[in-house]
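The values are calculated or read from the model by the stated rules, or taken from the named source; none is laboratory data. These numbers were taken from a predicted model, which means no experiment stands behind them. Please note: Cβ atoms are built from the backbone with ideal geometry, for glycine as well, and neighbour counts cover all protein chains shown. SASA here: full protein model, heavy atoms, side chains in, ligands and nucleic acids out. Shrake-Rupley method; radii C 1.70, N 1.55, O 1.52, S 1.80 Å.
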Amino acid sequence: MNDDLPLEKIAISGPTLASLIQRFSSSNGDVDGLLFGHVTQPTPVNLLDDDFPSSSSSSSIRSDSPTLVANITSFFCSGTLSSFYDSLGQLNLSALNRCNQQQQRLIGWFVGRRRTSLRPSMREFSVSSSLSSNSLETLNFSQKESISSISPPFHNFPPCVFLLLSSPLSVQLIHTHDYRAFQFRRSTDVFEPKSIDVINIGPAFRGHYGAFSPNSQFPWLSCSMKEFSSSSPSREMEIVSGDDDDKGKEESLVSLKRVAKDQHGLDLCAEGYEVGRLSKLVGSEAVNYTSELEDLYGKMLAKLEGLARVVEKSSALVLEQERCNIKLRNKVSGLE
Amino acid sequence: MVNASEPMVPPLIGAQLNYLLSHSPLSIKVEQIWSGSKNPPYLSDRFTLLIPFCLDYIKWDVIYNAQNPLVAPDIIFAAVDENFHPFSISAEGHSHSLKSILCDWNCKDPSKLLLLIHELRVLYNVYQRKKIGQLDDERLKFEISTIHSREGIEVSMNSAPDKADEVKFSVPLLDIDLNKMVHGCTWKHRQQIFLQVIFPISRKYSLAPTAPRIKLVGSSELKALFPIEDVKLPPWLDGMCLAEYLPIIEDNLNTQIVEAVAAIGARRRFIEALAPLFGRPLEADPVFCRKATVFSCSGVFTFLVHFSLPTQFPKQQPVLVLQSSQHFNSLGTPVMSPPLMDYPWSPRWEEPKMAERIYEFLAEECLNFKKYCNESQLQQY
């Protein structure tokens, strides 16, 4: 039923919007990409205690038109145009899946085109129309298992958000960026302009913390120290706290396997430094083990440094490839 | 034509734009051209086109991408046309070529942009018709349904914020090729006379609907043959509809065009009749025969005679202007006489007689002109 409900507004956190604008403004040409996030129904502020006699009808009205907010939590910028659709605006599903390798919840897409009007174009209408007429299941987006493992509300909500970024047509203007958000309404085939709520900006930002649920890409590691419990049975400890007790008790075979896999990953990172040895850091013997710990930190730092160097090298390669691509493009368009 | 060097238009985009401007039968104009790149070279890859539609212009932004020259351009339509969705209209079965143009996009084929713009313009007309069909105006619905069989009619809804809403029809009149009727004509575009009919939108039924505003429209080039604004329109009678009115005005217009084309022959004979008396004309308009200049003298006083022949020739006589070859004003331009029309003339005379009477008239008039020249030169000193 919740496939074409009106959004009240579109919320985006300051850093997400800033990094989106940064990606667009640092690219040489026009870009497009996907927007990820979720749809929420904020608790109405004016809750009434009184139970009216006609409560059934009033509640039905409320459920008919819930005030929905689309929260943009992250994005993928393709760095080019027509990344997941053709010149007719028809979707290329395999390219769309490639753009969403993190398997996040798609709620829309965006286009950044310099010095153009903030009106959706012919092709953008077509892309939004195709996107929002597909539910996420038909788009072959297997949803990432959410942290709470509860299916989020409005999980059938179509990816109907469209964010248009541009820069002013006239060079003389002081401001350098324009943006406008729309919801594509499938029932009427119309782009409805929506207001954008930038979270963490403005005097009323404190209120946002309550309503905003962050979305972390860091995996949930439910490993415990059970393997080492035999060596020090009195000091059984759990590395990752917050694991629900009842959940831990009804561990199935599947979750046991997953724990083992996560544990293996952690062990790789520890590089022979058994996690159990951490327990020795507490108590009277602690002084003797500080050098050992420093050694661990040293190894970690060296590893980070190595990683930084790899990133640096690959960035240089990417840059070189990009230069080569520009040259090829110029050749194709007859500029050289 | 777009100069490929300034602003810097990528060659492939420039070729498509130039092809559009030079090959389209419509006189499409480029209003603005600019770049969407961040870094130099600032390749101009987007432009605003002014496209003639329904005797007005529509403005479309064509957005190419210099970074991806192989991809077909995208179009942003005007703000008032936010509900114009070519793909939806195309999908309703009005046209299938939009899809094929975009699917078979070939950036190396310069004709592609022209095909795209023309196809979109056809779909735009469908969109305007649908929009008017959705109005709750019985009369407009009737008008559209009765002229459906005529080809080339364009309609558009004008809604200015400060004016009452109205609907404009542009009806091409007379299925004749004017370019072929005028021998050796130099018109670049095919000439066509349109009837512009503007209906006020009335949302309630009325027995005596107000008459529409009617006007004939032709290009400025057509003026050489035929002053379109001088045509007297037949009256729009009460309760008339466009389908009734069109045959009447077409008949009317047809006779006038035949007369106007015949007038070219009369003017040509007149100019030819000047030669035995004045010598060969220095200059003459060979297509419409509206102008001729001859050289004449009286003793040592030499002067030019400019003939301007009206479209109503020979009913209206030519206007003569004399120009001295020996007298100049303070600005260094030759002294000219005021326009002369006060000479013996009859439309019933044969052309040689007309020329003869003018020759006789000028033999006297040139003395007055010489005096006039001398006086105006004396004033300078």
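What residue, among those in region A:66-102 that are at the interface with chain B (Cβ under 10 Å from one of its Cβ atoms) and not charged (D, E, K, R), is nearest to A:Ser19 (Cα to Cα)? Result: A:Gly79. Restricting region B:14-42 to residues that are at the interface with another protein chain (Cβ under 8 Å from one of its Cβ atoms) and open to solvent by less than 70 Å² (accessible area, probe 1.4 Å), the residue that is farthest from the chain's Cα centre (by Cα) is B:Asn39. Taken across region B:208-216, residues that are without any contact (Cβ under 8 Å) to a residue 12 or more places away in the chain and within 30 Å of B:Arg139 (Cβ to Cβ) do occur, with at least one present.
Residues of region B:48-75 being among the aliphatic types (A, V, I, L, M), part of a loop (DSSP other than H, G, I, E, B) and within 11 Å of chain A (Cβ to nearest Cβ), which ones? Of everything in region B:48-75, those that are among the aliphatic types (A, V, I, L, M), part of a loop (DSSP other than H, G, I, E, B) and within 11 Å of chain A (Cβ to nearest Cβ) turn out to be B:Ala66, B:Leu70, B:Val71, B:Ala72. Looking only at region B:323-333, residues that are open to solvent by less than 40 Å² (accessible area, probe 1.4 Å) and farther than 24 Å from B:Glu272 by Cα come to 1 in all. Give the residues of region B:266-278 that are open to solvent by less than 20 Å² (accessible area, probe 1.4 Å) and small (Gly, Ala, Ser), sorted by residue number. Within region B:266-278, B:Ala266, B:Ala273 meet the criteria. Scanning region B:55-71 for residues that are of a type in the set (Gly, Ala, Ser) and surrounded by fewer than 23 Cβ atoms within 10 Å (Cβ to Cβ) turns up nothing. May I ask you to list the residues in region B:97-108 that are more than 9 Å from every other protein chain (Cβ to nearest Cβ) and farther than 23 Å from B:Gly36 by Cα? Passing the criteria: B:Ser97, B:Ser100, B:Ile101, B:Asp104. Annotation note: Cβ proximity below 8 Å between a residue of region B:40-55 that is touching a residue at least 40 places away in the same chain (Cβ under 8 Å) and of a type outside the set (D, E, K, R) and a residue that is open to solvent by 40 Å² or more (accessible area, probe 1.4 Å) and in a strand (DSSP E or B) (sequence gap 6+ or interchain) occurs for B:Leu49/B:Lys29; B:Leu49/B:Val30; B:Leu49/B:Glu31; B:Leu49/B:Lys59; B:Ile51/B:Tyr57; B:Ile51/B:Lys59; B:Leu55/B:Phe194. Of the residues making up region B:337-381, those that are closer than 20 Å to B:Gly299 by Cβ, surrounded by 14 or more Cβ atoms within 10 Å (Cβ to Cβ) and either touching a residue at least 60 places away in the same chain (Cβ under 8 Å) or not small (Gly, Ala, Ser) (or both) number 12. Look at region B:280-315 and say how many of its residues are farther than 19 Å from B:Gly184 by Cα and either assigned by TED's automatic domain parsing to the domain that holds B:Phe328 or surrounded by 15 or more Cβ atoms within 10 Å (Cβ to Cβ) (or both). Residues meeting the conditions: 22. Filter region B:76-96 for residues that are buried (at least 18 other Cβ atoms within 10 Å of the Cβ) and at the interface with chain A (Cβ under 9 Å from one of its Cβ atoms); which is farthest from A:Asn325 (Cα to Cα)? Checked region B:76-96; the qualifying residue farthest from A:Asn325 (Cα to Cα) is B:Phe84. For region A:3-21, indicate whether the set of residues that are within 14 Å of chain B (Cβ to nearest Cβ), modelled with pLDDT of 85 or more, exposed (fewer than 14 other Cβ atoms within 10 Å of the Cβ) and over 19 Å from A:Arg185 (Cα atoms) is non-empty. Looking for residues that are within 14 Å of chain B (Cβ to nearest Cβ), modelled with pLDDT of 85 or more, exposed (fewer than 14 other Cβ atoms within 10 Å of the Cβ) and over 19 Å from A:Arg185 (Cα atoms), one finds none in region A:3-21, hence no. In this structure, does B:Arg139 turn out to be assigned to a helix (DSSP H, G or I), more than 30 Å from B:Thr255 (Cα to Cα) and not assigned by TED's automatic domain parsing to the domain that holds B:Ile51? Considered against the rule, which asks whether it is assigned to a helix (DSSP H, G or I), more than 30 Å from B:Thr255 (Cα to Cα) and not assigned by TED's automatic domain parsing to the domain that holds B:Ile51, B:Arg139 comes out as yes.
Candidates in region A:324-336 are the residues that are more than 10 Å from chain B (Cβ to nearest Cβ) and surrounded by 10 or more Cβ atoms within 10 Å (Cβ to Cβ); of these, the one that is farthest from B:Ala66 (Cα to Cα) is A:Cys324. Scan region B:242-259 and tell me whether some residue there is surrounded by 13 or more Cβ atoms within 10 Å (Cβ to Cβ), assigned to a strand (DSSP E or B) and among the hydroxyl-bearing types (Ser, Thr, Tyr). Checked region B:242-259: no residue is surrounded by 13 or more Cβ atoms within 10 Å (Cβ to Cβ), assigned to a strand (DSSP E or B) and among the hydroxyl-bearing types (Ser, Thr, Tyr).
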